[in-house]
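What follows is a single structure, written as structure tokens, with notes after it.
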Amino acid sequence: MITTDTPLVSVVVMTYNSAKFIIETLESVKAQTWKNIELIVTDDGSTDHTVQLCLDWIEANRSHFSATKFITVAQNTGIPSNNNRGLRAATGEWIKTFSGDDNLMENCIADNLEYARRFPEASFITSDLREIDENSVLIRDNVINDGLIFFANLPSAKKQLKNYSRWPVFLNTPAFFCKREIWKISGYCDEELKIYDDTTAVFRILSKGVKLYYMNKPTVEYRIYPNSISRSEKVNDIREKEAYRIFKKYRNQNLSIFNPLDLSIYYESWLVFKYKGFMGRKGISYLRKLSLYYWYMQFNGVKSY
């Protein structure tokens, strides 16, 4: 429930070597139609001139915000830790988190608050994205995620947690809009990891009985480019290892070998994490079709699974 007519919203911008895009990102926060904003920039030990760009921009534009904070550390610590520093520094009733290479659409905060007004039980909200390239040229105007739609339509946090344990559907952190108290009771992001802040946060929030709500409207411009952390081949090995750690730490505890759908998830996970193939060939796309859960999702209209 929104407790004031004009709640303070903390916008947490996470940066790491973001010099190429950070000014555009910060300008998108400044351009918000909602004006009661606490701007928090949390930098993860950038080695380019991101820090100075942020400091100069904040000094020149601090009058546009209710409050401003800048946080940095001497050495890179990873995305979850960087996110947590910003989350813990926030004082707003609501928190909007996103990265220093993405942009907020100008009605992002206002649209989320209006959704929360219409659905007072919603304290954890996600929305759609637009995709832009490294030159800010539009790639896709509205990215439809059928897995997210299926997930959000589940009637309770308990059912969402079960489904997310079977398949951590792509829920992108830049689209999250969450009550500050929810981040606090969930224990924030898992700092044992270096990349996956969003996946562990969803597990922790759902496990507290907080249901995810979905606003069918794009609110964020999500930047797609080869060197982004989500696409860089340099960190593929780290991503794969962390995905397996997430399976063991978060997913496995919500699965049962006595449930046929869960049993098929163990099979799929073996394919992803342990299967080595035969004579140099894997054919995982074909072997997945032996999974009961694959056909369960197809039957429910989730073609992206």
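The values are calculated or read from the model by the stated rules, or taken from the named source; none is laboratory data. Remember, predicted model here, so these are calculated numbers, not experimental data. Methodologically, a virtual Cβ is constructed for each residue, glycine included, from the backbone with ideal geometry; neighbour enumeration extends over all protein chains shown. Areas reflect the complete protein model, heavy atoms only, side chains present, ligands, DNA and RNA absent. Shrake-Rupley method; radii C 1.70, N 1.55, O 1.52, S 1.80 Å.
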Members of segment 253-302 found to be of a type in the set (Ser, Thr, Tyr), free of Cβ contacts under 8 Å to residues at least 40 places away in the same chain, assigned to a helix (DSSP H, G or I) and open to solvent by less than 50 Å² (accessible area, probe 1.4 Å), listed by number: SER264, SER269, TYR294
Some residue of segment 91-104 being surrounded by fewer than 17 Cβ atoms within 10 Å (Cβ to Cβ), touching a residue at least 12 places away in the same chain (Cβ under 8 Å) and within 25 Å of LYS179 (Cβ to Cβ): yes
Selection from segment 163-172 of residues that are in contact with a strand residue (DSSP E or B) (Cβ under 8 Å, 6 or more places away or on another chain) and open to solvent by 10 Å² or more (accessible area, probe 1.4 Å): ASN172
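This table checks each residue for (1) closer than 24 Å to TRP34 by Cβ; (2) out of contact with any Gly (no Cβ under 7 Å at 6 or more places or on another chain); (3) not aromatic (Phe, Trp, Tyr).
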residue: SER127; (1), (2), (3): yes, yes, yes
residue: ARG130; (1), (2), (3): yes, yes, yes
residue: ILE139; (1), (2), (3): no, yes, yes
residue: LEU154; (1), (2), (3): no, yes, yes
residue: GLN160; (1), (2), (3): no, yes, yes
residue: ARG166; (1), (2), (3): no, yes, yes
residue: ALA175; (1), (2), (3): yes, yes, yes
residue: LYS179; (1), (2), (3): yes, yes, yes
residue: PHE203; (1), (2), (3): no, yes, no
Selection count, segment 182-218, where residues are among the polar types (S, T, N, Q), farther than 23 Å from GLU131 by Cα and open to solvent by 60 Å² or more (accessible area, probe 1.4 Å): 1
Counted residues, segment 109-135 - those being under 23 Å from ASP44 (Cβ atoms) and touching a strand residue (DSSP E or B) at 6+ places or on another chain (Cβ under 6 Å): 2
Residue within segment 227-243 that is in contact with a Ser or Thr (Cβ under 8 Å, 6 or more places away or on another chain), hydrophobic (A, V, I, L, M, F, W, C), modelled with pLDDT of 95 or more and surrounded by 15 or more Cβ atoms within 10 Å (Cβ to Cβ) present: no
Test set (1) at pLDDT 95 or above; (2) of a type outside the set (Gly, Ala, Ser); (3) open to solvent by 10 Å² or more (accessible area, probe 1.4 Å) - ARG140 fails condition number: (1)
Helices (runs of 4 or more DSSP H) completely within segment 128-231 that count 2 or more residues being under 13 Å from the mean Cα position of the chain (by Cα) and aliphatic (A, V, I, L, M): 198-206
Strands (runs of 3 or more DSSP E) contained in segment 1-119 and holding at least 3 residues out of contact with any Gly (no Cβ under 7 Å at 6 or more places or on another chain) and at pLDDT 95 or above: 37-43, 67-72, 94-99
Test set (1) open to solvent by 10 Å² or more (accessible area, probe 1.4 Å); (2) closer than 19 Å to GLU221 by Cα - VAL11 fails condition number: (1)
